1. Is the C-alpha gyration tensor of segment 141-193 telling us rounded, prolate or oblate? Criteria: a/c under 1.5 is rounded; beyond that, a/b larger than b/c is prolate, otherwise oblate.
2. Mean 1/r over all different Cα pairs, inverted: what Kirkwood radius does segment 102-232 give, in Å?
3. Over the alpha-carbon set of segment 100-154, work out the extent along each principal axis and list the three values in angstrom, largest first.
4. Can you tell me the FRET efficiency between residue 209 and residue 54 if r is taken as the Cβ-Cβ distance and R0 is 30 Å, rounded to the nearest 0.05?
5. So what's the Cα pair-distance distribution over segment 31-114, bin width 5 Å, in %?
6. Past 18 Å, Cα to Cα, is the threshold; run 132/182; 128/182; 134/160; 160/224 against it and keep the listed order.
7. Provide the gained length on full extension for the span residue 78 to residue 162, in nm with one decimal, where the gain is 0.36 nm per separating residue minus the Cα-Cα distance.
Amino acid sequence: MLIMPLSSWLRIRVLSFSFLFIASNTTAQSVGWQELTISDGLSQGMCHDITQDAGGFIWIGTNDGLNRYDGHNFKVFTHDPYDQYSVSGNVCTALFIDSKKRLWVGTQTDGLNLYNKLTHRFYHIDLKTASKFKLSNVHYINEDPDGNLWVANSQGEVFKITLPNSLKTGFPTQPTITNSVKIQSVGNFRPDARTTLFAFDPKGIAYICDSENFYAVDWKNPAKITSLPLDL
């Protein structure tokens, strides 16, 4: 039996040597905290991100692989140099469930992955081709109302990844999809002011917040970023 939804816990970033979660079920058991560590099957104690998919599985990005937890056991996905459909890197730093209930996995040095839960295959986007700093790490992922991805890295860069219609709803046939997407640099923020949040107005404005500032940009045509006062 899968664990029940975690509501507001879905986007918590856990930076500790153990992973804590709320365990609950439909029996008459009391709800409490349970500690899960590498002794329970977690691949590594440094956890960067956590999310829950539509099936109830909990996904945890760690320094040594992507972990899926079903309430009882962990399944770990790691990079296999002999499998072109494995996850592109082992340090998984950002997770996101899109509007089509698909999991996207960002890594520290190896770009972005789209996961197919039916085949357990990962499809890869190399962000180095669009990065001024030649870095492919992914710190945060979100989706605009048109179904395109927005990604921020730890150097303060924000990218819009425009997906073809076929990738907005389905999966490709090749492991590398970099050439199938358009990667556009939206802006370069201060490297020490990491982007922490995106929000999208359906009318066309994207709001970007970092550790010190608040910005607005047209998410359909992000040519110019406007700085907004934080007292709005």
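Taken together, the values in this text are just the output of simple stated rules run on the coordinates, not laboratory data. A quick note: this is a predicted structure, and the numbers were derived from the prediction, not measured. For neighbour counting, all protein chains shown are included, and Cβ atoms are generated from backbone atoms with ideal geometry for every residue, glycine included.
1. It is prolate, given that a/c is not under 1.5 and a/b is the larger ratio.
2. On the way: mean 1/r = 0.0663 Å⁻¹.
Answer for segment 102-232: a Kirkwood hydrodynamic radius of 15.1 Å.
3. That gives 35, 25, 16 Å along the principal axes, largest extent first.
4. Working: r = 27 Å, r/R0 = 0.91.
The calculated FRET efficiency here is 0.65.
5. 3, 15, 25, 26, 18, 9, 2, 1, 0
6. none
7. On the way: separation 84, 0.36 × 84 = 30.24 nm, distance 2.67 nm.
Full-extension gain reported as 27.6 nm.
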